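As structure tokens, the structure follows; a few thoughts come after it.
The values are calculated or read from the model by the stated rules, or taken from the named source; none is laboratory data. In this text the structure is predicted, and so the values were computed from the model without any measurement. Cβ sites come from the backbone with ideal geometry, for glycine too, and all protein chains shown count toward neighbours. When the accessible area is computed, the model is the full protein with side chains, heavy atoms only, and any ligands, DNA or RNA have been set aside. Shrake-Rupley method; radii C 1.70, N 1.55, O 1.52, S 1.80 Å.
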Number of protein chains: 8
Amino acid sequence: MELIVYLAGQIHDDWRKTLKDKASEKKLPITFVGPMENHDRSDNIGEEILGQQPNTILKDEAASKMNNLRTRVLMEKSDIVIALFGEKYKQWNSAADAASAVALNKPLILVRPAELHHPLKELSEKAQVTVETIDQALHTLAYIFDND
Amino acid sequence: MELIVYLAGQIHDDWRKTLKDKASEKKLPITFVGPMENHDRSDNIGEEILGQQPNTILKDEAASKMNNLRTRVLMEKSDIVIALFGEKYKQWNSAADAASAVALNKPLILVRPAELHHPLKELSEKAQVTVETIDQALHTLAYIFDND
Amino acid sequence: MELIVYLAGQIHDDWRKTLKDKASEKKLPITFVGPMENHDRSDNIGEEILGQQPNTILKDEAASKMNNLRTRVLMEKSDIVIALFGEKYKQWNSAADAASAVALNKPLILVRPAELHHPLKELSEKAQVTVETIDQALHTLAYIFDND
Amino acid sequence: MELIVYLAGQIHDDWRKTLKDKASEKKLPITFVGPMENHDRSDNIGEEILGQQPNTILKDEAASKMNNLRTRVLMEKSDIVIALFGEKYKQWNSAADAASAVALNKPLILVRPAELHHPLKELSEKAQVTVETIDQALHTLAYIFDND
Amino acid sequence: MELIVYLAGQIHDDWRKTLKDKASEKKLPITFVGPMENHDRSDNIGEEILGQQPNTILKDEAASKMNNLRTRVLMEKSDIVIALFGEKYKQWNSAADAASAVALNKPLILVRPAELHHPLKELSEKAQVTVETIDQALHTLAYIFDND
Amino acid sequence: MELIVYLAGQIHDDWRKTLKDKASEKKLPITFVGPMENHDRSDNIGEEILGQQPNTILKDEAASKMNNLRTRVLMEKSDIVIALFGEKYKQWNSAADAASAVALNKPLILVRPAELHHPLKELSEKAQVTVETIDQALHTLAYIFDND
Amino acid sequence: MELIVYLAGQIHDDWRKTLKDKASEKKLPITFVGPMENHDRSDNIGEEILGQQPNTILKDEAASKMNNLRTRVLMEKSDIVIALFGEKYKQWNSAADAASAVALNKPLILVRPAELHHPLKELSEKAQVTVETIDQALHTLAYIFDND
Amino acid sequence: MELIVYLAGQIHDDWRKTLKDKASEKKLPITFVGPMENHDRSDNIGEEILGQQPNTILKDEAASKMNNLRTRVLMEKSDIVIALFGEKYKQWNSAADAASAVALNKPLILVRPAELHHPLKELSEKAQVTVETIDQALHTLAYIFDND
């Protein structure tokens, strides 16, 4: 049995690569999917496909449509969603993706530093599991497959 | 035909009262519901019901459970969700409620100042309608009932 | 028991009024809902609410959002959808509303002149009932309530 | 991860072949499905299977049943639906298939020339992405799989 | 709290009236709905609405569409479905309505004489409750409202 | 806005009456529903309706069908489920009803003494809110309606 | 792309083998599933697994449970359901399986001789396609895969 | 065709291994999944992943979250759920898992000794099949695949 795990959250460092490498070492039968991690491309994808837009608002709107398509398709395929929150990137978008997962009945693993407890308390309460580190998230995934 | 509209978003000023009063003047057949607007009570409701908790984290967790119960029950009853975002209160929780509405197939009316376009672009793209003022949101609701 | 019936299709003549008046004469316990029938207002509603838009494409987009909100909310409330097609107004939008009804598991009553059989054959096959006149559609609705 | 994409819209030229060939060149892990593209066979399939029908209306009805079976089965299997609209073939059926996709919660990519903006404005608003060319649609699909 | 109960099964005697009268005596807060009980009208409703059809097969098809519309709308509204089977009228249609109810997650009360146990064994196993008389069915309904 | 609350759990004392009386004093707009509270009648309802059964296993089976019908119908109507667990009555049936509520996406309020924490830990984790007393459960319900 | 097709209906002759052999010759990528075709085993499976039952009614009930388990699991996996009706075996069970398929939103292909038109008219109207022979049903399946 | 079967119930002896070995001998195409069977690890998994918790209640809560994640993910993947109840381990949790399966529309095979009939009567009535031994459960699974 294989699982698909969507990795929501900030795209400003390579936490997804770290997680994938460690999962790979443990030989977990998991396919990880997620948003475009090249931040510039993610912002420009609307114009990349449709050509230059009249203003930045329409540029953003075009990009959002492409990014939301990707998220919808890949999250729909997923068995579990992991959402990472950090001090630095307080994006509404990450909270939206995490809440979508819950409403779509996908179990959510929330990763956040302890200090962010208060602003994330409602989302944490909706999550199936809340942990503080990527290693803990991976450990949680691994537990699903352990027999002993 | 009556509609139920859930009012998500910040609870730091009385925008809900403004909206309700204007809807009342227009005699729109709408029942408005939403979160507890007394901010202190919302933060303390866990301890109010369960008694003092060992620490602030558990106090927050207890409050979140009560508040999330309220949101689940009332949003489930709703036909439309309005979510207000402002410069001052950049809560993940509002984004989570707005995204839950979309995932639950409730049409979302997003209210936000134009300056917040960029950080809310994905959520705006998921909304059925995005407007900038409460009056515009009300106008949008009224249009559903107009015959001419 | 009351039923709610959504009246999809062209808004260029007063077929909805005819249907409602006849249903009223027969005292059928039905509430009829539908799109804005004032065609100009329907086209301008985006600018009416949001103010002037940069160009006609964005004007149309804004209006579509408001009109689609109305359709989503009212069709969701409905028990049955009637869609009228005529020689004169061959709108893709009417076909889209009719197909949405079917996909949402709302029984569809299709009204179209016999001559339009060929272009509407797939939609007719998806409909629960296809008739040729408004009187026949009304007769079909009345039959649901008849005891003898 | 493989995706299945349903190609709705006119069957009068070989746009599907163009799209498939280009996807194949890019080695996208996509299976494309869609309606019978042999137009005559599509029109005659009812009689091909059931034998001659009493009149053209019943011939059409029989064919519609077979074609709708195919569409239901294949669209249900799909992750994304692409619908192409052009100046020449203004079929209600294409609009119906596109709207079915939206109502079934399949992300819709609408392809249409800019000039068709107005008559397709509601459908475009329901689509996840609207583009003007087949190349742009393919680019949009490819973006879902890109990592950088 | 009111319940709606759909009465499926043969329309050749007045068992529905018997059941309704007894429920009325007991003042149960139940609205009963069901198919057209005038057998001739049920068979002719297609031609009554659409005019004479070319042959009896098309007459039957037209009538089935009208009758199935009625069943779909009313069964969808129901909280419980009662299906009566008797020695005399072994209709596939009654079995189909009973099975539809189960698949739509409506609790089914099956009423059949003991002798029909064998041919109805699978349907009985799918039913929530199987009884032998109309009085027992009514007693079962009444139990839902009893407090002591 | 009215809510319907299903009261699951043991039927050996009158905790439901206590809760209803207090809700009535507070004038909460809630309709409470639940299982037959007359324990003997609940055990005998199968034979009461169907007549004497061949043995106690079949007597139990018949009663279970009637009781499960009642639970299905009333829980389906409910907005919230409260399940009470006590030291004395460790029924699998109460756990089953509580878990059904969760799986049906009904928010669950679990009421149990602190000492029962360990055996109920998984169910408590699935509940939206866990409290220790009936008064706390009522307080939680009341909070949904409070405006200040 | 592979499809799974459930073959409902009588188990008194080897129509399923005929269909499977022909599909195999045509190399259609279809897996066929269906009920136990050994009629005696189907009737005795309850006692085969659970041991002798007190009477024939309980023997039947036990068998129905096992057979209904099989049908539920396999029909749930299916993309299409074919139901065969013939003059000889007028089983309520076949009608129930066919109607379940429709209610579960599985496209139904009904196979019946023309003479059975009248008693099957409602079921035929619910089916996606009605044909008269097994060859026609196979032809219909094959059409889903044809490209020209 | 492969099936996935979730094995719910007590984790105090190796009944799952027995079942798996026998299924393996019969070469049934079934993948079995289930909870962590190492009881100590199951109780300690919260602290294993998150580190020491302030008290045993929070230790239990943390463990429940991890175990419930595993159950949600694996049960969602399953086609059938088997739940074993025995004299020794009367866990509410097993009843909760069994009832979740039913509410999620997964066919439930209940395994329990005859003596436990009374306390499990409601759950047994909800199950698709109730048997007394693991061999009978396996026999029931095998029957789904038998052709003769």
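Chain D packed on chain A takes about 2000 Å² of accessible surface away from a 1.4 Å probe, both sides summed.
3J(HN,Hα) along region E:120-132: 9, 5, 5, 5, 4, 5, 7, 5, 6, 9, 10, 10, 10 Hz, from the Karplus curve 6.51 cos²θ - 1.76 cosθ + 1.60 with θ = phi - 60°, whole Hz, x for Gly and Pro.
Within region C:84-118, the chymotrypsin sites (Phe, Trp or Tyr not before Pro) that combine a DSSP coil assignment with at most 15 other C-beta atoms in a 10 angstrom radius are C:Tyr89. Computed over region D:82-148, relative contact order equals 32 percent, with contacts defined as Cα pairs under 8 Å that lie 6+ residues apart. Place a point 7 Å from Cα of D:Thr133 in the direction of its Cβ. Which residues in region D:113-127 have their backbone N less than 14 Å from it? From region D:113-127, the list is D:113-114.
Give, as a single signed number, the net charge of other residues whose beta carbon lies under 11 Å from the beta carbon of A:Val5, with Lys and Arg counted +1 and Asp and Glu -1. For residues surrounding A:Val5, the net value is +2. Working from label points 7 Å from Cα in the Cα-to-Cβ sense, the B:Asp14 to B:Asp148 distance is 3.6 nm. Against the main long axis of the alpha-carbon atoms of chain C, helix C:56-77 sits at an angle near 30°.
Go ahead and run the numbers for FRET between C:Lys88 and G:Lys88, Cβ-Cβ distance against an R0 of 35 Å, rounding to 0.05. So the FRET efficiency works out to roughly 0.05. Peptide B:124-134 has a mean shielding of 5, counted as Cβ atoms of other protein chains within 10 Å of each residue's Cβ.
Computed about the Cα centre, the dipole magnitude for the protein assembly as shown is approximately 0 debye when only Lys and Arg (+1) and Asp and Glu (-1) carry charge, each at its Cβ. Taking a ≥ b ≥ c as the square roots of the eigenvalues of the Cα gyration tensor, region C:34-77 is classed as prolate, since a/c reaches at least 1.5 and a/b is larger than b/c. Mind running the shape call on chain H? Use the C-alpha gyration tensor, a ≥ b ≥ c as the square roots of the eigenvalues: rounded below 1.5 for a/c, prolate if a/b tops b/c, oblate otherwise. Judged from the Cα gyration tensor, chain H comes out prolate (a/c at least 1.5, a/b above b/c). Sparse packing (at most 13 other Cβ atoms within 10 Å of the Cβ) combined with a DSSP loop state is found for the following trypsin sites (Lys or Arg not before Pro) in region F:31-136: F:Lys88. Remark: chain B carries a charge dipole of roughly 220 debye about the Cα centre, counting +1 on each Lys and Arg Cβ and -1 on each Asp and Glu Cβ. Cα centroid distance between region B:1-65 and region F:102-148, in Å? Rounded to whole Å, the Cα centres lie 19 Å apart. Electrostatic tally near A:Gly46: other residues with Cβ closer than 14 Å to its Cβ, Lys and Arg +1, Asp and Glu -1, net -4. Of the GluC sites (Glu not before Pro) in region B:44-142, the ones in a loop by DSSP (not H, G, I, E or B) with at most 15 other beta carbons within 10 Å are B:Glu87. In this structure, the pairs whose alpha-carbon distance is over 32 Å, taken from A:Lys20/B:Lys106; A:Lys20/H:Lys90; E:Lys17/G:Lys88; H:Lys27/H:Lys77; C:Lys59/D:Lys20, are A:Lys20/B:Lys106; A:Lys20/H:Lys90; E:Lys17/G:Lys88; C:Lys59/D:Lys20. Largest GNM mean-square fluctuation among D:Thr133, D:Thr18, D:Thr56, using chain D with Cα springs under 10 Å: D:Thr56.
In the context of the full set of protein chains, region H:56-148 has a per residue accessible area of 32 Å² (1.4 Å probe). Rounded to the nearest 500, the helix-only mean residue ellipticity at 222 nm of chain D stands at -16000 deg cm²/dmol, with each DSSP H run of n ≥ 4 adding -39,500 (n - 2.57).
Counting only protein heavy atoms and a probe of 1.4 Å, the accessible surface of chain D is 46% carbon and sulfur. Rounded, prolate or oblate: which fits the protein assembly as shown, taking a ≥ b ≥ c as square roots of the Cα gyration tensor eigenvalues, rounded meaning a/c under 1.5, else prolate when a/b beats b/c? Rounded, because the longest to shortest axis ratio a/c is under 1.5.
Axis angle, to the nearest 10 degrees, between helix D:134-145 and the longest C-alpha principal axis of chain D: 60 degrees. Working from Cα pairs under 8 Å separated by at least six residues, relative contact order for chain B is 25 percent. Extending 7 Å from Cα along the Cβ direction at G:His118 and again at C:Ser24 yields two label points whose distance is 4.5 nm. Couplings 3J(HN,Hα) for region H:96-107, derived from phi with the Karplus relation 6.51 cos²θ - 1.76 cosθ + 1.60 (θ = phi - 60°), are 5, 5, 5, 5, 4, 4, 4, 5, 7, 6, 8, x Hz, where x marks Gly and Pro. For H:Thr56, the shell of other residues with beta-carbons less than 11 Å away shows a net charge of -2, using +1 for Lys and Arg and -1 for Asp and Glu.
For the rotation that carries chain E onto chain H, the axis lies closest to a Cβ at E:Asn105, 4, where the number is the distance in whole Å. Summary value for region A:34-77: 45 percent relative contact order, contacts being C-alpha pairs under 8 angstrom separated by 6+ residues.
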